[in-house]
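Below: one structure, written as structure tokens.
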Amino acid sequence: MKYEEYETAFAAARLNKYLYACGGNKAKALQLYRLNIKLCQKLYGVLNVFEIVLRNAIHNHYESFFSDANWIKTQLSDGGMLSAAPMKTETISVIRKLDHTGKYTPDRAVSSLSLGFWTYLFTKYPFAKGGKSILKIFPNKTKPLGQRAVFNELQIIKRFRNRIAHHEPICFDNEGHINTTFANENYKLIIRYLHFLGYNDEQILLGLNVRPYAIFKKIEGIARMSMKSGAPAKSRDKSKPPD
């Protein structure tokens, strides 16, 4: 396929970010575009493991804390942990859909709720209603890291997850320069929280082929080549994603 055909398929505006970063080299731009997709695939695999482990840890904790396997339903009642906005609407919608199809079980409710729901449980109201106990799901957590700090870091992970899910690039800084810092920092944060949750990342990710280091290296190789050709390849001190 010619470059113009890729522009038709993927949209010129999308590819222009890569073309700019590669100094107008179309072949390098397409290579970088493909590497970004591969990087997203790797990191979405890590995020998949993290999200499942996180929600199961929370569910198991509150099932024990409330002595109720159906706590997601019961905590929707007035004064319950899930009785306040913004997540009440989503929770009721999920439960009604499962009830309507006759497929409701506590496990299906857990798997149907969004990552936003699970991170919301670390905000002030549900944290208090849950006996300020949710941090117990992190047996290896750094001790000074409290509720607000944990919530903020989980929000970083959630935004990164949503960026990948919405097919946004993760191989640039906020000025459009080729840079793996943003992706690498988020990857390290996810691994850190897997450790907080009590898991060895080598074991929990065993056999999944989700380590991103080889792709980081290839992307950084394109960055070095682009710098030599005079392209605005990267800025090492910029780690935020582009708009």
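The values are calculated or read from the model by the stated rules, or taken from the named source; none is laboratory data. As the structure is a computational prediction, the values presented were derived from the model and not from experiment. Cβ coordinates were reconstructed from backbone atoms using ideal geometry, including for glycine residues, and neighbour counts include every protein chain displayed. What goes into the accessible areas is simple: the full protein's heavy atoms, side chains included, and nothing from ligands, DNA or RNA. Shrake-Rupley method; radii C 1.70, N 1.55, O 1.52, S 1.80 Å.
Report, to the nearest 10°, how far helix 181-196 tilts away from the longest principal axis of the Cα atoms in the chain, using its own Cα long axis and a range of 0 to 90°.
30
With θ set to phi - 60° and the Karplus curve 6.51 cos²θ - 1.76 cosθ + 1.60, what are the ³J(HN,Hα) couplings of the stretch 91-106 in order, to the nearest whole Hz, using x for Gly and Pro?
5, 4, 4, 5, 5, 4, 4, 5, 5, 4, 8, x, 10, 5, 9, x
Quick one: what Rg and Dmax do you get for the stretch 23-91 from the alpha carbons, in Å?
When restricted to Cα atoms, the stretch 23-91 yields Rg and Dmax of 20.8, 61 Å.
Report ³J(HN,Hα) in whole Hz for each residue of the stretch 73-79, in order, from the Karplus equation J = 6.51 cos²θ - 1.76 cosθ + 1.60 where θ = phi - 60°; Gly and Pro get x.
Ordered by residue, 3J(HN,Hα) equals 6, 5, 7, 7, 5, 3, x Hz.
Mind checking which of G176, T91, L115 is farthest towards the positive end of the chain's charge dipole, using Cβ charges of +1 (Lys, Arg) and -1 (Asp, Glu) about the Cα centre?
The residue sitting farthest along the positive end of the dipole is G176.
Any chance you could list P(r) for the chain, counting all Cα-Cα pairs in 5 angstrom bins from zero, rounded to whole %?
All Cα pairs, binned at 5 Å, distribute as 1, 6, 12, 15, 15, 13, 11, 9, 8, 6, 3, 1, 0 percent.
Which value, in debye to the nearest 20, gives the size of the charge dipole of the chain about its Cα centre, when Lys and Arg are +1 and Asp and Glu are -1 at the Cβ?
My answer is approximately 460 debye.
How large is ³J(HN,Hα) for each residue in the stretch 151-167, as worked out from phi by the Karplus curve 6.51 cos²θ - 1.76 cosθ + 1.60 (θ = phi - 60°), to whole Hz, x for Gly and Pro?
Values per residue, Gly and Pro as x: 4, 4, 6, 5, 5, 4, 5, 4, 5, 5, 4, 5, 4, 5, 4, 9, 6 Hz.
So how much slack lies between K38 and E175, counting 0.36 nm per residue of separation and subtracting their Cα-Cα distance, in nm?
47.1 nm
For the stretch 107-178, what log10 I(q)/I(0) values come out of the Debye formula at q = 0.18, 0.24 1/Å, with one point per alpha carbon and no solvent?
The Cα Debye sum returns log10 ratios of -0.84, -1.13.
Per 10 Å bin, what is the whole-percent P(r) computed from every C-alpha pair distance within the stretch 99-236?
Bins of 10 Å from zero give 10, 29, 31, 20, 8, 2, 0 percent of pairs.
Select from P126, I72, I164 the residue farthest towards the positive end of the dipole of the chain; place +1 on Cβ of Lys and Arg, -1 on Cβ of Asp and Glu, and compute about the Cα centre.
Toward the positive end, the furthest listed residue is I164.
Which whole-number percent is the relative contact order of the stretch 1-127 (Cα, under 8 Å, 6+ apart)?
Once divided by the residue count of the stretch 1-127, the mean separation gives 18 percent.
If only Cα atoms are counted, what is the Rg of the stretch 154-196, and what is its Dmax, in Å?
10.8, 33
List the lysines whose alpha-carbon lies under 16 Å from that of K141, not counting same-chain residues fewer than 8 positions away?
Cross-link targets: K132, K188.
How far apart, in nm, are the 7 Å Cα→Cβ label points at K228 and K26?
A separation of 2.3 nm, rounded to one decimal place.
Per residue, how much accessible area does the chain have with a 1.4 Å probe, in Å²?
The answer is 52 Å² per residue.
Considering amide H positions built from the backbone, and no H for Pro or chain starts, which residues 5 or more places from F172, or on another chain, come under 5 Å of its amide H?
Under 5 Å from the amide H of F172: N179.
Determine which lysines satisfy two conditions relative to K26: a Cα distance under 17 Å, and not lying fewer than 8 residues away in the same chain.
In chain and number order, the partners are K2, K17, K218, K228.
Please work out how much accessible surface V110 shows to a 1.4 Å probe, ignoring ligands, DNA and RNA, in Å² rounded to 10.
Number for this one is 0 Å².
Scan the chain and report its longest stretch carrying no trypsin sites (Lys or Arg not before Pro) that are both in a DSSP loop and have at most 12 other Cβ atoms within 10 Å.
133-235
Rounded if a/c is under 1.5, else prolate if a/b is larger than b/c, else oblate: which is the stretch 44-132, with a ≥ b ≥ c the root eigenvalues of its Cα gyration tensor?
rounded
In what sequence, largest accessible area first, do S64, S133 appear using a 1.4 Å probe?
So the residues, ranked largest to smallest area, are S64, S133.
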